[in-house]
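The values are calculated or read from the model by the stated rules, or taken from the named source; none is laboratory data. Bear in mind that the values here come from a model prediction, so they are computed numbers and not experimental data. All Cβ positions, glycine included, derive from the backbone under ideal geometry; neighbour counts span all protein chains shown. Protein only, heavy atoms only, side chains kept; ligands, DNA and RNA dropped before computing areas. Shrake-Rupley method; radii C 1.70, N 1.55, O 1.52, S 1.80 Å.
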Amino acid sequence: MKQTFIMAAIVSLVMAGPALADKIPLNAISKYLNSLKSASGEFTQINDDGSVTTGDIYIKRPGRVRFEYAPPDKSLVIAGGGTVAVFDPKSNILPEQFPLKRTPLNLILARTVDLNRSNMVVGHSDDGTATTVKVQDPEHPEYGNIQLKFTGSPVELRQWIITNDAGSQTTVILGELNKQTQISSAKFNIPQEIRNRGLSE
């Protein structure tokens, strides 16, 4: 099942790109990201060790995203309120938490994305099917970077690769995003999720 979803995601990425003739301009990508207020869909994640997980993603900009991992993983990652929380389904203790601003994902969840900001974009290329933009926090490049892959006509985010501060890479391949969905803010409420799970120290 996982392999089928991965192949479908890769095929959709390849098939969506032939109409793209030139590198998508940074202004167009910034405009697309700023227009992406709410979205949901499926994702496939390829971890640094080569393992593969799948699940559902919910995005609510600014500053909020939720990764619900499918069985047998069943992990949960929430970004909300400036914090990222990683819930371990096998544990009854509080989730690991750290500031969202220390992760490259913060760069596309910001209230306003401006890829023309000085030293923010450190790579901008096109392979004939998709445009890849490599972005880092210009004030804190040590936090890592995120490589965003887009297809054009219209512009769509298809994939990202996050390289964290330790050099580990995580690839997320997105399925078709539903941008018309209404997502409750409760999905991104970390204290509420902790209460719902009855977690404690």
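Yes or no, residue by residue, for (1) surrounded by fewer than 18 Cβ atoms within 10 Å (Cβ to Cβ); (2) among the hydroxyl-bearing types (Ser, Thr, Tyr); (3) closer than 14 Å to Arg111 by Cβ; (4) modelled with pLDDT under 95:
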residue: Pro25; (1), (2), (3), (4): yes, no, no, no
residue: Ser40; (1), (2), (3), (4): no, yes, no, no
residue: Phe43; (1), (2), (3), (4): no, no, no, no
residue: Ile46; (1), (2), (3), (4): yes, no, no, no
residue: Val52; (1), (2), (3), (4): yes, no, no, no
residue: Ile57; (1), (2), (3), (4): no, no, no, no
residue: Pro62; (1), (2), (3), (4): yes, no, yes, no
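When the test is whether a residue is at pLDDT 95 or above and among the charged types (D, E, K, R), Glu139 does not pass it. Filtering region 161-201 to residues that are without any contact (Cβ under 8 Å) to a residue 24 or more places away in the chain, surrounded by 13 or more Cβ atoms within 10 Å (Cβ to Cβ) and closer than 21 Å to Val133 by Cβ leaves only Ile161.
Determine if region 79-87 includes at least one residue that is part of a loop (DSSP other than H, G, I, E, B) and either open to solvent by less than 20 Å² (accessible area, probe 1.4 Å) or not small (Gly, Ala, Ser) (or both). Checked against the condition, which is being part of a loop (DSSP other than H, G, I, E, B) and either open to solvent by less than 20 Å² (accessible area, probe 1.4 Å) or not small (Gly, Ala, Ser) (or both), region 79-87 yields no hits at all. Comparison of Val113, Val122, Val133 shows that the only residue that is touching a His at 6+ places or on another chain (Cβ under 6 Å) and touching a residue at least 12 places away in the same chain (Cβ under 8 Å) is Val133. Pairs please, first residue from region 51-71 and on the phi < 0 side of the Ramachandran plot, second anywhere and of a type in the set (Lys, Arg) and crowded, with 18+ Cβ neighbours inside 10 Å, Cβ atoms under 6 Å, 6+ apart in sequence or on different chains. So the pair list comes out as Tyr58/Arg66.
Within region 141-151, being touching a helix residue (DSSP H, G or I) at 6+ places or on another chain (Cβ under 8 Å) and open to solvent by 40 Å² or more (accessible area, probe 1.4 Å) holds for one residue alone: Lys149. Scanning region 88-124 for residues that are closer than 19 Å to Gln45 by Cβ and assigned to a strand (DSSP E or B) yields a total of 2. Total residues in region 95-110 satisfying the condition of being surrounded by 15 or more Cβ atoms within 10 Å (Cβ to Cβ) and either small (Gly, Ala, Ser) or more than 17 Å from the chain's Cα centre (by Cα) (or both): the figure is 2.
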